[in-house]
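Asks: Take this structure, written in structure tokens, and hold onto it; I'll ask about it next.
The values are calculated or read from the model by the stated rules, or taken from the named source; none is laboratory data. The structure presented is a predicted model; accordingly, all values stated were derived computationally and were not measured. For neighbour counting, all protein chains shown are included, and Cβ atoms are generated from backbone atoms with ideal geometry for every residue, glycine included. These accessible areas exclude ligands, DNA and RNA; they are computed on the full protein's heavy atoms, side chains included. Shrake-Rupley method; radii C 1.70, N 1.55, O 1.52, S 1.80 Å.
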Amino acid sequence: MSMINKEVSGFSVQAYCNNEFKMVTKADILGKWSVFFFYPADFTFVCPTELEDLANKYADFKAANCEIYSVSTDSHFVHKAWHDASERIKKIKYVMLADPTHALTKDFEVYIEADGMAERGSFIVNPEGKIVAYEVNAGNVGRNADELFRKLQACQFVAAHGDEVCPAKWQPGAETLKPSLDLVGLL
């Protein structure tokens with residue numbers, strides 16, 4: 001079943017960000033774009049490469065009015081310990097959400113019950129709190145922050161220009177498509 005246009009359920013979770021613990025709720029994501037970046041666990045192998053890649057691109061996401069929320073089923077205390085111990089994770093300035101109760105991983109349908117962890121899921125959420133794009137990868141396949149950012153830009157463009165669509169490999173400033181009324185049913 002598709003998650004497109006699913007509204008994120010209400011939530012309140014602990015987080016670690018900028019050497020502080022804080023609560024993050026659904027109210028915090030409304031009014032701006034968000035990326036929820038689920039990963040299996042702290043202190044693992046592929047995860048730090050992805051999170052570092054995202055940290056290196058974070059300024060671009062912020063400039064696009066988008067907040068990043070990385071999410072695993074670890075506690076906020078484990079996030080802090082990983083941040084303190086890893087050179088890659090020390091680069092992170094975005095919010096690291098703790099989901100030990102699995103509320104978020106279940107809501108976004110990425111919870112692996114047998115393992116108690118999350119799949120590698122990337123979700124773009126619009127300012128109204130609805131999922132507009134997502135991708136879920138196998139646990140042994142890392143993601144690319146540049147491509148995630150390109151998808152965010154395409155989602156933002158389409159939201160602002162409802163009569164235009166973005167073709168494959170679209171980049172800001174490139175030509176878009178305006179479907180004719182005859183072709184609308186074929187999309």
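Asks: Take Asp146 and tell me if it is acidic (Asp, Glu) and at pLDDT below 95.
Replies: Taking the combined requirement at face value, the residue does not satisfy it.
Asks: Now for a separate question. For Ser86, are the conditions met, namely being small (Gly, Ala, Ser) and within 23 Å of Lys130 (Cα to Cα)?
Replies: Judged against the criteria, Ser86 is not a match.
Asks: When you scan the range 75-187 for helices (runs of 4 or more DSSP H) that lie fully inside it, which ones turn up with 3 or more residues that are without any contact (Cβ under 8 Å) to a residue 40 or more places away in the chain and within 23 Å of Val46 (Cβ to Cβ)?
Replies: Answer list for the range 75-187: 76-85, 145-160.
Asks: If you don't mind, there's one more thing I want to ask. Select from the range 30-50 the residues that are of a type in the set (Asp, Glu) and more than 13 Å from the chain's Cα centre (by Cα) and list them in ascending order.
Replies: Within the range 30-50, Asp42 is the sole residue that qualifies.
Asks: Being within 17 Å of Ala15 (Cβ to Cβ), touching a strand residue (DSSP E or B) at 6+ places or on another chain (Cβ under 8 Å) and hydroxyl-bearing (Ser, Thr, Tyr): is that true of Tyr94 here?
Replies: Judged against the criteria, Tyr94 is a match.
Asks: Residue under question is Asp60, and the condition is that it be more than 19 Å from Val141 (Cα to Cα) and surrounded by 15 or more Cβ atoms within 10 Å (Cβ to Cβ); does it hold?
Replies: Taking the combined requirement at face value, the residue does not satisfy it.
Asks: Only one residue in Asp115, Asp84, Asp146 is closer than 16 Å to Val35 by Cβ and of a type in the set (D, E, K, R), so which one is that?
Replies: Of Asp115, Asp84, Asp146, the one residue that is closer than 16 Å to Val35 by Cβ and of a type in the set (D, E, K, R) is Asp146.
Asks: Hey, among Ala154, Ala159, Ala145, which residue is touching a helix residue (DSSP H, G or I) at 6+ places or on another chain (Cβ under 9 Å) and surrounded by 12 or more Cβ atoms within 10 Å (Cβ to Cβ)?
Replies: Of the residues listed, the single one that is touching a helix residue (DSSP H, G or I) at 6+ places or on another chain (Cβ under 9 Å) and surrounded by 12 or more Cβ atoms within 10 Å (Cβ to Cβ) is Ala145.
Asks: Would you please name the residue that is farthest from Ser75 (Cα to Cα), looking only at residues in the range 6-57 that are in a strand (DSSP E or B) and either open to solvent by 60 Å² or more (accessible area, probe 1.4 Å) or free of Cβ contacts under 8 Å to residues at least 40 places away in the same chain (or both)?
Replies: Per the criteria, the residue is Glu7.
Asks: Exactly one of these conditions fails for Tyr94: (1) modelled with pLDDT of 95 or more; (2) farther than 30 Å from Ala160 by Cα. Give me its number.
Replies: It fails just one condition, (2).
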